[in-house]
Structures are given as structure tokens and as C-alpha cells.
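Values in this text are rule-based calculations from the coordinates and carry no lab data. Quick caveat: nothing in here was measured; it's all calculated off a predicted structure. Positions of Cβ are backbone-derived with ideal geometry, glycine not excepted, and every protein chain shown enters the neighbour counts.
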Amino acid sequence: MTAAEYNICVDKYADNVYRFILKNIKDEDKAKDIVQDSFEKMWVKVDEISAEKSRSYLFTTAYHTMIDLIRKEKKNADFEEVEPYTQGYKNEYMGLKEILDEALSRLPQIQKEVILLRDYEGYSYEEIGEITNLNESQVKVYIYRARVFLKDYIGSLDKVL
């Protein structure tokens, strides 16, 4: 990959990678750091990566960097700050986006990641498998389980509105 192709890759994919990471970790500063680290790692290996594979490499790198950060923070988590799990939505009206964000936040991390890659970013099952190091069957199972949970959590649209 040339420097010009790298710059095109930055322009083309930076926002998508940022949105994907931000949806997962809900911290703008950390998301920006992860995106920056991912592009730095890509720059280090710029001679080894083809322009056609740059999107996949970038999302894979960002995903693994995010997982490393989550694992590191999980070791340092203060358990008194964790809210107890409650399923269902609040009785007060929230916009549909807030309801979806709340529902997504309650998914297990791997299900959240695959549903975001599939439904928000439009990746194929095969591409999601490459990014997350899962086989295609596992990806499909996690997406199915996530969608079932989201459907049960949100309930019917009449209850939401």
C-alpha cells in the first residue's frame, strides 16, 4: 500500500471504525485512541497490506485493540459501581435510538460486536468471522441470539411508544 492509498483509507474508513468502537465502549476519548492506535498499527505494516484488504485489516485491528482495552479495564473494575441487571425498558418515554442503545448495552460483548458489524456496518458473516476470529456458524448463532434478545427487550412497538 502506498502513502496515498493509506491516506485514502484514513479518509474512507476512519468514521466507520470510530462509530463501531464508540457503540461498543461508549467513551469518545477511548474510541478515538483505539482508532488512532489502529491506524498507527496499519502504518507500521503499510508495506505488507494491500489496499484491497485495508478495510478488513483496519476493523480487525481496531476490534482486537478494543478487546485488549476491555480486558485490561475489566481487571481494574470496581464492582460497587456496577448496576444490577434489569431487563426491560423504563416506563418513561425515550426515543427509539435511546431504547436501541440501552438494549445494545445489555447484550454480552461478543453479541454486541457481531450485531454492530452486521447490522450497522454491513459486513458479511464471513468478514465478521475474520474480524472476530469466529467461524461463520458461531457468528450466525451470536447474531441470532442478539436479535432474539433485542426483540424480547424492546417488545412490541406499541409498548415503546
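What does the extension gain come out to for His64 and Asp47, with contour length at 0.36 nm per residue minus their alpha carbon separation?
Length difference between fully extended and current span is 4.0 nm.
Quick one: what are the phi-derived ³J(HN,Hα) couplings along the range 5-11, Karplus 6.51/-1.76/1.60 with θ = phi - 60°, whole Hz, x for glycine and proline?
Going residue by residue, I get 5, 4, 5, 5, 4, 4, 4 Hz, with x marking Gly and Pro.
Using the count of nearby Cβ atoms within 10 Å as a rough guide to exposure, how do Met1, Met66 rank from fewest to most?
Least crowded to most crowded, the residues run Met1, Met66.
What distance in nm separates the two pseudo spin-label positions at Glu40 and Ala14, each 7 Å out from Cα along the beta-carbon direction?
Placing both labels 7 Å beyond Cα along the Cβ direction yields 1.6 nm.
Tell me, what is the FRET efficiency for Ala3 and Asp152 to the nearest 0.05, using R0 = 41 angstrom and their Cβ-Cβ distance as r?
Efficiency at R0 = 41 Å is approximately 0.25.
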